[in-house]
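Report on one structure; see the data block that follows.
The values are calculated or read from the model by the stated rules, or taken from the named source; none is laboratory data. Only a predicted model underlies this, so the values are computations on that prediction, with no experimental measurement involved. FYI the Cβ positions are ideal-geometry reconstructions off the backbone, even for glycines, and counts take in every protein chain you see.
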């Protein structure tokens, strides 16, 4: 089953965009709720679908890559608070 904005949200995923321009290297998480509002909940949200629509917010470049991963703040046992507890903080 392919990613859609709604499925990314439901599966507690995050999508981080990276600028590949050597002079920039900016990165940020995509706002999946805004993505859903803009494209629709069932729009294709695979890298090949999203990358042509993205620009770096820092330099405006189109050399963007995406990384899909579980959102550690939303997945049980992966969040920062869990990590801090494990370190005894």
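For every residue, the table says whether it meets (1) surrounded by fewer than 11 Cβ atoms within 10 Å (Cβ to Cβ); (2) at pLDDT 95 or above.
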{"position": "23", "(1), (2)": "yes, no"}
{"position": "44", "(1), (2)": "no, yes"}
{"position": "68", "(1), (2)": "no, yes"}
{"position": "71", "(1), (2)": "no, no"}
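In segment 55-70, how many residues are closer than 16 Å to residue 4 by Cα and assigned to a loop (DSSP other than H, G, I, E, B)?
0
Go through segment 25-41 residue by residue and tally those that are in a helix (DSSP H, G or I) and more than 14 Å from the chain's Cα centre (by Cα).
Final tally of qualifying residues: 3.
One residue is enough: does segment 38-52 have a residue meeting the conditions touching a strand residue (DSSP E or B) at 6+ places or on another chain (Cβ under 6 Å) and either closer than 23 Å to residue 75 by Cβ or without any contact (Cβ under 8 Å) to a residue 60 or more places away in the chain (or both)?
yes
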